[in-house]
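> Could you have a look at this structure, given as structure tokens, before my questions?
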Amino acid sequence: MSLSPRQHWIGVLARARLSELQPHEAALKDVEYHLIRAPEVGMTLVRGRMGGDGAPFNVGEMSVTRCVVRLADGRTGYSYLAGRDKVHAELAALADAHLQGSQPSIWLSDLITALANAQASRRAQKEADTAATKVEFFTLVRGEN
Amino acid sequence: MNAQLLQPAFVDPVLDAQRGFRAALKALAEPGLIQHLACAPQLDGLAPATYALCLALLDVDTPLWLAPSFDTPLIRANLAFHCGCPFTANREDAVFALLGEHDLLDLGGFDHGNDRYPDQSCTVLVQLTDLESGRGLLWRGPGIKAQRQVHLPVPQAFWLERQRREAFPRGLDVLFAAGHHLIGLPRSSRVAEERT
């Protein structure tokens, strides 16, 4: 299953850190816009499958923040992200709206690529840290014989 | 869904929805008494009170039946976005119904609940132009100490239609809305002509 470009950038914006978005705050807010749905915190039920393909079960609830903005020219930006950060939700929705413009390339190169690279390196770092602690178990002799 | 049609709704979603719910409760607890809803948003085709009731009462579990006069892309898009409610074309499936003055003559098809669960009936929201310009009728019943004079501008045939479908405890609860005001008409209220 391949992601559309918009799915990709919405995911990148949701996983970004607020400190990475804040340098762009002035540029993002440099347009006339209003809130269709002001940032709001809610709960959502997370479901999972044992081993990835078992019967579905409820893992638990997590907090989610969502926001919808409309720019003066009619573009509508959405954001959904994990956690309770309303400032982040508004900035992410604004970025989504800007990226839907006729020239998304500037925003893509400035913002999304940089954020995606930062996320990839964080992930690689974490995977490397985790891999160092990996332990292989194997059985030499079984107890009963 | 057309994102261009979306408009902001409640300024303070939590408290405004609670005020709307409170007004609806009071309206049904004291039938015929006008309730005021100050904090209600505007949407083309819906009065502020009607829209506030929709925002307070509707959610994913409440299929809504729209009268043709309210079935516009704007109303559909905004109710679907802000309430998340499904729309139904079958009156039988509706938990809420949104009607105008001209739809009052035929209340057939709506779920009246059953004898074991009369609370599962459809709740009817009716939008009028105002609530006080009609002929005076006397309301009696629970929530009214003796009797109350109410001047709802609804056609006479509506009262006949309501009486015809009466089968207490089954029945329809109706909320009339106009501008920023609403009046409740629960199934338990008895409505009679004013004696001159």
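Every read-out reported here was derived from the displayed coordinates using simple, explicitly stated rules and does not represent laboratory data. As the structure is a prediction and not an experimental result, all values here were calculated from the model. Every residue, glycine as well, gets a Cβ built from its backbone with ideal geometry; the counts of neighbours run over all protein chains shown.
> Would you compute, for the Cα atoms of region B:48-196, the largest minus smallest coordinate along each principal axis and list the three values in descending order, in whole Å?
If we take the Cα atoms of region B:48-196, the spans are 49, 36, 25 Å.
> Tell me which lysines have Cα within less than 23 Å of A:Lys86's Cα, excluding those fewer than 8 residues away on the same chain?
A:Lys29
> Still on this model: Could you list which residues have their amide H under 5 Å from that of B:Val126, counting only those 5 or more apart in sequence or on another chain, with H placed in the peptide plane?
Here B:Leu99, B:Leu175, B:Phe176, B:Ala177 satisfy the definition.
> Using the alpha-carbon centroid of each, what span in Å lies between region A:51-121 and region B:125-165?
50 Å
> Let me ask something additional. Could you list, by residue number, the cysteines of chain B that have no other cysteine's beta carbon within less than 4.7 Å of their beta carbon?
Singleton cysteines: B:Cys39, B:Cys54, B:Cys122.
> Next up: At most 14 other Cβ atoms within 10 Å and a DSSP loop assignment: could you name the trypsin sites (Lys or Arg not before Pro) in region B:20-118 that fit?
For trypsin sites (Lys or Arg not before Pro) across region B:20-118 that sit outside H, G, I, E and B with at most 14 neighbouring Cβ atoms in 10 Å, the list reads B:Arg116.
> I've got another one for you. Summing +1 for each Lys or Arg and -1 for each Asp or Glu, what net charge is found among the other residues whose Cβ lies under 14 Å from the Cβ of A:Pro23?
Net charge in that neighbourhood comes out at -2.
> Per the Debye formula with a single identical scatterer at each Cα and no solvent contribution, what log10 I(q)/I(0) holds for the protein assembly as shown at q = 0.08 Å⁻¹?
-0.55
> Less than 20 Å apart at the alpha-carbon level, and either on another chain or at least 8 residues along: which aspartates and glutamates does that give for A:Lys126?
The qualifying aspartates and glutamates are A:Glu20, A:Glu136.
> Springs between alpha-carbon atoms under 10 Å, Gaussian network over chain A: tell me which of A:Gly48, A:Gly11, A:Gly83 tops the mean-square fluctuations.
A:Gly48
> Are there any chymotrypsin sites (Phe, Trp or Tyr not before Pro) in region A:100-145 that are in a DSSP loop and have at most 15 other Cβ atoms within 10 Å? List them by number.
A:Phe137, A:Phe138
> Now for a different question. Round to the nearest 0.05 the FRET efficiency obtained for B:Gln156 and B:Val14 when R0 = 41 Å and r is the Cβ-Cβ distance.
On the way: r = 41 Å, r/R0 = 1.01.
Given R0 = 41 Å and the Cβ-Cβ separation, E is 0.50.
> Something else: Report the gain in length on full extension from B:Glu194 to B:Gln163: 0.36 nm times residue separation, minus Cα-Cα distance, nm rounded to one decimal.
9.5 nm
> Just tell me the longest site-free run in chain A, where the sites are trypsin sites (Lys or Arg not before Pro) in a DSSP loop having at most 15 other beta-carbon atoms within 10 Å.
It runs A:30-83.
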